[in-house]
1. Kindly indicate which of Pro182, Pro177, Pro198 is within 16 Å of ligand 2 (Cβ to nearest atom) and without any contact (Cβ under 8 Å) to a residue 40 or more places away in the chain.
2. In region 359-377, what count of residues is obtained for those that are in contact with a helix residue (DSSP H, G or I) (Cβ under 6 Å, 6 or more places away or on another chain) and either assigned to a helix (DSSP H, G or I) or within 11 Å of Ala326 (Cα to Cα) (or both)?
3. Out of Thr125, Thr64, Thr68, report the one residue that is under 22 Å from Lys3 (Cβ atoms) and hydroxyl-bearing (Ser, Thr, Tyr).
4. Go through the residues of region 286-301 one by one and say whether even a single one is buried (at least 20 other Cβ atoms within 10 Å of the Cβ) and either under 27 Å from Gly14 (Cα atoms) or in contact (Cβ under 8 Å) with a residue 60 or more places away in the chain (or both).
5. Tell me which residues, restricted to region 241-279, are open to solvent by 30 Å² or more (accessible area, probe 1.4 Å), within 20 Å of Val15 (Cα to Cα) and outside any loop (DSSP other than H, G, I, E, B).
6. Going by the structure shown, is Val100 open to solvent by 20 Å² or more (accessible area, probe 1.4 Å), within 16 Å of ligand 2 (Cβ to nearest atom) and either of a type in the set (Ser, Thr, Tyr) or closer than 22 Å to Met264 by Cβ (or both)?
7. Cβ-Cβ below 8 Å, separation at least six or inter-chain, first residue in region 131-154 and of a type in the set (Lys, Arg), second in a helix (DSSP H, G or I) and away from ligand 1 (no atom under 13 Å from the Cβ): which pairs?
8. How many residues are more than 14 Å from ligand 2 (Cβ to nearest atom) and open to solvent by less than 20 Å² (accessible area, probe 1.4 Å) when one looks only at region 213-234?
Amino acid sequence: MKKLSILGSTGSIGVSTLEIVAAHPDRFEVVALTAGNNLELLRQQIERFRPQLAVVLTEASAKTLRQTLSGGKTEILHGVPGLIAAATATETEMVVAAIVGAAGLVPTAAAISAGKDVALANKETLVTAGHLIMGMVREKGNRLYPVDSEHSAVFQSLQGHRAEDVKRIILTASGGPFFNLPPVRLAQVSIADALNHPNWSMGQKITIDSATMMNKGLEVIEARWLFDIPGEKIAVNIHPQSIIHSMVEYVDGCVMAQLGVPDMKAPIAYALTYPERVSTGVKPLDLTTLSGLTFFAPDNSRFPALRLAYRALLDGESMPAVLNAANEVAVEAFLEGKIPFTAISRAIESTMDVHQPHVLSSIEEVLSVDRWARDKTREMLSLSRF
Ligand code: NAD
Ligand code: MG
């Protein structure tokens, strides 16, 4: 029995994780669940999985939830202390980090400090604090398993090989909904167009990140830390069919790839049960039904966000945390209809331009630069007509 705390259980990754848990009751037990605003779904999950602990954002939500639960022994906590309690619960062996955004950093770091293994979906943790997190993982000796499909593909393509034989990592990207749109039309795309991802069904923030290709940029930074490989050895190929989930090229010219239909249950299950494999309900891949697998170099003029992520990696120190925070604020402004799609990248670049990168030596310092970048981006957005 693997005992799990699932942070962000009502989100896209959280729900898929619980589907795997439900399909393998002999393997998993749920110790803690946490959610943001979707109290009704959390209530259903509590009744179904009977965790010891459930966590919501506010005291008011905690009160409401207590009133709506019919009996049971689940303790209800709230806020960051509640998230930390879920991440560090004594019985928990593995924490599934599936909160969206930098809000996932503190509980994920707490899980690692407490010696828990982590199945990491929350890429923002490594983008904002990669060197600190990987330092903690080395010190504690716990395992960090990638949930992100590209990183899971790289992890799988590394099995049985020596790290020193890796020449480069090739992350694949679908190109999102605007891959074929003439760049001049990008300024006019609607929120609904941007949320209409061709291959993956995901939470809103990562869906917009996929449309700008910031998602791939964040994944380049995530790969840099997870696999301890410099940015210049991480390439991105647009692969609109999303069948090859990423590749590793070795010094002898051989390339290992991992394929499958796009369904997050496969990488989630691999992170939960590594090195074993279990049934996931993912549709089998039938290559004969595909019309072809195609690959393209990314177009930096259409996707400036990817260029900005490589720049943040090169600038180093606090710059990736600034990139991430500015992106979260700009994506939120786009989703609220306040700025056009193309302003997302322009706002991020303007914030990066006024930031002096400096060393971050603690999670508190990461949070402080995150706050600075959010304030600066909001200020930029309120002053300028992006
Ligand atoms: P989502 O928006 O569907 O779900 C996010 C979860 O976090 C929800 O349970 C929500 O209630 C909770 N949450 C949101 N803000 C919170 C806060 N401030 N404090 C506490 N909880 C909060 O997001 P998602 O698509 O499931 O993505 C989760 C993470 O996984 C992201 O970091 C994303 O980049 C990564 N990821 C997602 C996918 C995918 O297919 N959805 C694929 C790869 C990586
Ligand atoms: Mg991904």
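The values are calculated or read from the model by the stated rules, or taken from the named source; none is laboratory data. Here the structure is a predicted model, which means the values were calculated and not measured. Cβ: placed from backbone, ideal geometry, glycine included. Neighbour counts: every protein chain shown. Calculation scope for accessible area: heavy atoms of the full protein, side chains included, ligands and nucleic acids excluded. Shrake-Rupley method; radii C 1.70, N 1.55, O 1.52, S 1.80 Å.
1. Going through Pro182, Pro177, Pro198 in turn, the sole match is Pro177.
2. 8
3. Residue meeting the stated conditions: Thr125.
4. no
5. The answer is Lys265, Ala266.
6. Answer is yes for this residue.
7. Filtered contacts from region 131-154: Lys140/Ile112; Lys140/Ser113; Arg143/Val137.
8. The qualifying residues number 2.
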